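S.K.: Dumping the structure here so I can ask a few things about it.
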Amino acid sequence: MSTPLKFYQVGSFAVGNRLLGDEQLSVQSRSDRTNSLTSGHRACQGCGEALGARYVMDAAMAATDGKVIAVNATGCLEVFSTPYPETSWRLPWMHSLFGNAAPVATGVAFALKAQGRSDIRVVAQGGDGGTVDIGFGPLSGMFERNDDVLYVCYDNEAYMNTGVQRSGATPPAARTNTTHAVGENPGASFTQGKNLPKIAMAHGIPYVATASVSDLHDLEEKVTKAMSMHGARYLHVLVPCPLGWGTKSEETIKLARLATESGLFPIYEAENGVITETKKIRKQVPVDEYLQIQKRFAHLFGPKGNPEIVKAIQAIADRNIAEYELLGERQ
Amino acid sequence: MLQQIEGSKAVAETIAACMPDVVCAYPISPQTHIVEALDELTRLGKIGNCQFVNVESEFSAMSVAIGASATGARTYTATASQGLLFMVEPVYNASGLGLPIVMTVANRAIGSPINIWNDQSDSMSQRDSGWIQLYAQDNQSAADLHILAFRLAEELSLPVMVCMDGFILTHAMEEIDVAEKELVTKYLPKFTPRQVLDPVDPVSIGAMVGPEAFTEVKYLGHFKQLKALEIIPELSSEFEEVFGRPAAGPDNYKGLVTKYHLEDAEVVLVALGSVLGTIKDAVDNHRKNGVKVGAMGITSFRPFPLDEVRKSLKHAQKIVVVERAFAPGIGGIVSSNIRTALSGIDIKINTVVAGLGGRPITLKSISELVDRALYGTLPDFSFMDLDVELVERELERNLLTRRSGPMAENLLKDLGTR
Ligand SMILES: Cc1ncc(C[n+]2csc(CCOP(=O)(O)OP(=O)(O)O)c2C)c(N)n1
Ligand code: SF4
Ligand SMILES: [Mg+2]
């Protein structure tokens with residue numbers, strides 16, 4: 001995962017330009033990219049999930065010579081991409097149910113194995129709800145069997161498709177329509193949460209990684225790497241949702257970056273249950289900077305705000321930074 | 001070749017002869033022996049390159065089947081009871097998508113109270129799931145119907161459930177002619193899917209469909225079921241030509257129903273599944289005494305052969321439907337279908353719920369049923385061999401005290417301590 005050219009002028013490593021050599025050119029900046037999720041779909045403006053899915057699928061297609069079968073859980077991605085006859089998918093794509101993307105993908109993988117089609121690869125994808133909640137058991141089964149599937153979770157931290165309700169991935173204090181910002185403890189409660197990348201690692205599967213739409217080149221590289229491997233692989237991508245988070249459409253990338261730079265969303269890779277690489281934060285950003293620009297956390301700020309809760313969230317970020325050793329220069 | 005073999009094993013060997021590409025399963029009694037045998041057959045390389053997938057739930061079993069079938073694989077799974085209920089969501093999904101999966105349901109009661117024994121409330125609960133449902137009367141037909149099921153499923157692009165009574169059939173040793181692979185290959189051509197996930201010709205499957213076409217998609221599912229009513233008789237007679245016996249058993253009529261002494265029958269007993277064996281014995285006994293009794297079995301419950309049922313039953317004077325499940329709050333399930341078939345014809349139809357949760361259906365009880373039907377003393381709806389006193393004592397306890405405790409446990413306690 002190395003990018004020798006650094007682009008300090010934008011404060012990020014995002015690279016989508018034509019200055020790099022062919023080796024480092026992103027999939028998305030190539031003229032022969034597949035446009036697997038093509039334009040014209042019905043995602044909201046600034047949808048992180050649409051962006052993430054496009055990069056993931058094009059990278060997977062590039063890595064497999066265009067031989068990918070995609071399986072999708074119910075959720076925003078499925079709904080905004082498929083109303084017929086306007087399907088946006090330009091690869092073989094299937095949606096079955098909310099909680100079964102993993103086992104449907106397993107079925108595809110075994111069918112291909114039975115047919116001797118080792119050249120065709122399978123990618124399953126779903127939202128955080130489909131992944132950490134309703135599809136969790138089946139996903140764990142897929143991990144445990146080490147089925148030959150790359151599963152990608154697009155984490156926007158709530159059930160967005162049904163109108164923004166709390167999921168097992170909703171962060172503490174966040175307002176959703178089932179965790180209203182009223183009463184004594186406004187917003188989602190402070191729970192242990194459900195850290196799916198860690199749970200995936202505990203299965204000892206060949207590859208687990210987190211990624212974010214704030215670093216699309218890194219996302220592409222991780223997909224490319226995942227597709228070079230076999231067995232169960234898991235990729236957890238943070239995808240801000242302007243509608244659910246109450247954020248400006250043009251700030252999706254900025255939000256994703258702040259989530260990482262504050263320490264709230266650590267970015268790393270693990271192989272066979274062991275972390276092999278962590279994306280360093282050059283300068284830790286206080287969580288306020290990230291939280292303040294989101295309406296779902298509005299109740300924490302201002303005259304009626306709750307600095308104690310902000311502190312508690314800061315503590316989570318600090319704990320992540322210590323646990324994953326996030327501070328320092330990127331190698 | 002004729003062999004003394006357990007029903008489950010005969011089914012497993014027949015499935016193997018059908019050469020599925022993917023078999024996925026989750027264990028539940030009384031289905032277990034089928035999938036255990038298939039695991040072994042797969043490992044021994046008896047099913048070519050077939051992949052046997054041990055999943056972590058029935059929900060995943062049907063989901064794996066969906067993915068495999070949509071990728072062009074001939075796909076099989078088996079379940080029962082709670083397992084069938086656990087996979088209901090993907091069961092509907094499979095039929096809605098039109099995927100030709102074949103599934104055995106080893107019929108077993110549904111809890112609560114938890115009960116592993118046989119009745120048909122599991123598959124009956126899925127009668128409107130869009131799957132074709134074929135019911136086997138004995139183990140020869142249980143095995144054979146699976147071959148027909150694959151052919152039918154793939155011809156129509158619709159999933160098929162083959163229902164066989166748990167334990168009574170799955171665990172019974174009988175002399176069975178397990179179909180030879182050469183003959184199966186002759187009868188069941190290579191699977192050519194109508195829709196397939198393929199990078200060469202990418203399609204989207206399972207997209208959102210709004211009011212503009214949803215009714216039409218559902219109509220086509222219904223249409224295919226009706227089409228099955230035409231195709232099953234064809235496939236059935238072709239089966240007989242290839243294998244030298246009908247797939248649905250000796251009294252087979254067009255693969256849709258079975259008829260036993262119906263020609264002049266005044267009283268006709270109607271049923272699905274293995275209970276027809278006992279019913280036929282009762283018919284024989286009554287016939288010896290000069291009573292004109294007959295039996296009709298329903299092989300294809302979905303689609304329901306309205307015409308064949310009507311033609312077979314319209315000359316009867318009394319019909320008794322023996323049901324292995326019922327619809328609480330109204331009564332018979334099969335009977336209401338029979339009534340639809342006979343609409344406009346004035347024939348007395350009695351519904352008798354029998355053999356719930358494994359209660360034996362004895363020849364004596366069936367014979368009494370015929371007598372009572374003849375004398376006109378059978379209620380419209382009744383439960384065979386119901387322990388009325390046991391029920392009444394519980395109702396009394398309910399009246400005596402508000403906190404009368406858990407019902408099922410009360411009954412067991414009552415039985416155990418009297
Ligand atoms: C069994 C079942 N329960 C509930 C739903 C309703 N439902 C559809 S999508 C969805 C939320 C999806 O949330 P997530 O997986 O996070 O994806 P997002 O829309 O946020 O991308 C819900 C609750 C459903 N389709 N199926
Ligand atoms: S609600 Fe959120 S996830 Fe869904 S399309 Fe809109 S921005 Fe994307
Ligand atoms: Mg979500």
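S.K.: Suppose R0 equals 60 Å; then what is the FRET efficiency for A:Asn195 and B:Lys218 from their Cβ-Cβ distance, rounded to the nearest 0.05?
M.R.: Rounded to the nearest 0.05, the efficiency is 0.90.
S.K.: Counting only protein heavy atoms, probe 1.4 Å: which residues of segment B:194-217 lose 50 Å² or more of accessible surface in the full assembly compared with their chain by itself?
M.R.: B:Leu197, B:Pro199, B:Ser204, B:Met208
S.K.: For A:Tyr151, what is the net charge nearby, where nearby means another residue's Cβ is under 14 Å from its Cβ and Lys, Arg count +1, Asp, Glu -1?
M.R.: Local net charge: -1.
S.K.: Also, quick follow-up: Consider all pairwise Cα distances in chain A and report the whole-number % of them above 32 Å.
M.R.: When all Cα pairs of chain A are counted, 25 percent exceed 32 Å.
S.K.: If you average the C-alpha positions of segment A:282-331 and of segment A:197-263 separately, how far apart do those two centres end up, in angstrom?
M.R.: That distance is 18 Å.
S.K.: Amide H neighbours of A:Phe98 under 5 Å, counting only residues 5+ apart in sequence or on other chains, H built in-plane at 1.01 Å?
M.R.: Excluding prolines and chain starts, which carry no amide H, the hits are A:Thr74.
S.K.: If amide hydrogens are placed 1.01 Å from N in the peptide plane, which non-local residues have theirs closer than 5 Å to the one on A:Glu157?
M.R.: A:Asp128
S.K.: Summarise the accessible area of segment A:229-307 (1.4 Å probe, protein heavy atoms) by the percent that is carbon and sulfur.
M.R.: On segment A:229-307, the fraction of accessible area on carbon and sulfur atoms equals 54 percent.
S.K.: Using Cα atoms only, what is the angle between the long axis of helix A:48-63 and the major principal axis of chain A, expressed in degrees (0 to 90) to the nearest 10?
M.R.: 30
S.K.: What whole-number value in Å² describes the accessible area per residue of chain B for a 1.4 Å probe?
M.R.: 42
S.K.: Please identify the longest segment of chain A free of exposed GluC sites (Glu not before Pro), where exposed means a DSSP state other than H, G, I, E or B and no more than 13 other Cβ atoms within 10 Å.
M.R.: A:185-324
S.K.: I've got another one for you. Scan around A:Gln125 for amide H atoms under 5 Å from its own, H built in the peptide plane at 1.01 Å from N, and keep only partners 5 or more places away or cross-chain.
M.R.: A:Val71, A:Asn72, A:Ala73, A:Val152
S.K.: Let me know the mean shielding of B:52-59 by other chains, meaning the per-residue number of their Cβ atoms within 10 Å of its Cβ.
M.R.: Average per residue, whole number: 5.
S.K.: Rounded, prolate or oblate for chain B? Axes are the square roots of the Cα gyration tensor eigenvalues, ordered a ≥ b ≥ c, and the cut-off for rounded is a/c under 1.5.
M.R.: It comes out prolate by the Cα gyration axes.
S.K.: Mind listing, in residue-number order, the residues in segment A:138-181 that have at least 20 Å² less accessible area with every protein chain present than in their own chain alone (1.4 Å probe)?
M.R.: Those are A:Pro138, A:Arg145, which lose 20 Å² or more relative to the chain on its own.
S.K.: Right, here's the next one. May I ask for the accessible area buried between chains B and A, both sides summed, probe 1.4 Å, to the nearest 100 Å²?
M.R.: 2700
S.K.: So, one more: Does the protein assembly as shown come out rounded, prolate or oblate by the C-alpha gyration tensor, with a ≥ b ≥ c the root eigenvalues, rounded set by a/c under 1.5 and, if not, prolate when a/b is larger than b/c and oblate if not?
M.R.: prolate
S.K.: Counting only protein heavy atoms and using a 1.4 Å probe, what share of the accessible area of chain B belongs to carbon plus sulfur, as a whole percent?
M.R.: 55
S.K.: If you don't mind, another one. Tell me, what is the per residue accessible area of segment A:29-323 in Å², probe radius 1.4 Å?
M.R.: For segment A:29-323, the solvent-accessible area averages 36 Å² per residue.
S.K.: Ordering B:Phe86, B:Phe191 from largest to smallest accessible area (1.4 angstrom probe), what's the sequence?
M.R.: I get B:Phe86, B:Phe191, largest accessible area first.
S.K.: In segment A:107-148, which chymotrypsin sites (Phe, Trp or Tyr not before Pro) are in a loop and have at most 15 other Cβ atoms within 10 Å, using DSSP for the loop call?
M.R.: Hits after loop and neighbour filter: nothing returned.
S.K.: Ordered by residue, what ³J(HN,Hα) values in Hz, to whole numbers, does segment A:85-94 give under the Karplus form 6.51 cos²θ - 1.76 cosθ + 1.60, where θ = phi - 60° and Gly and Pro are x?
M.R.: x, 9, 4, 8, 8, 10, 9, x, 9, 9
S.K.: Of the cross-linked pairs B:Lys259/B:Lys280; B:Lys181/B:Lys254; B:Lys181/B:Lys259; B:Lys254/B:Lys288; B:Lys9/B:Lys46, which ones have a Cα-Cα span greater than 20 Å in the structure shown?
M.R.: B:Lys181/B:Lys254; B:Lys181/B:Lys259; B:Lys254/B:Lys288
S.K.: Charges on Cβ only, +1 for Lys and Arg, -1 for Asp and Glu, centred on the Cα centroid of the protein assembly as shown; of A:His299, B:Ala172, B:Met384, which one is farthest towards the dipole's positive end?
M.R.: Selected residue: A:His299.
S.K.: Counting only other chains, what is the mean number of Cβ atoms within 10 angstrom of the Cβ of each residue in peptide B:10-20?
M.R.: That average works out to 0.
The values are calculated or read from the model by the stated rules, or taken from the named source; none is laboratory data. Owing to the predicted nature of the structure, the values given are computational and were not obtained by experimental measurement. Every residue, glycine as well, gets a Cβ built from its backbone with ideal geometry; the counts of neighbours run over all protein chains shown. When the accessible area is computed, the model is the full protein with side chains, heavy atoms only, and any ligands, DNA or RNA have been set aside. Shrake-Rupley method; radii C 1.70, N 1.55, O 1.52, S 1.80 Å.
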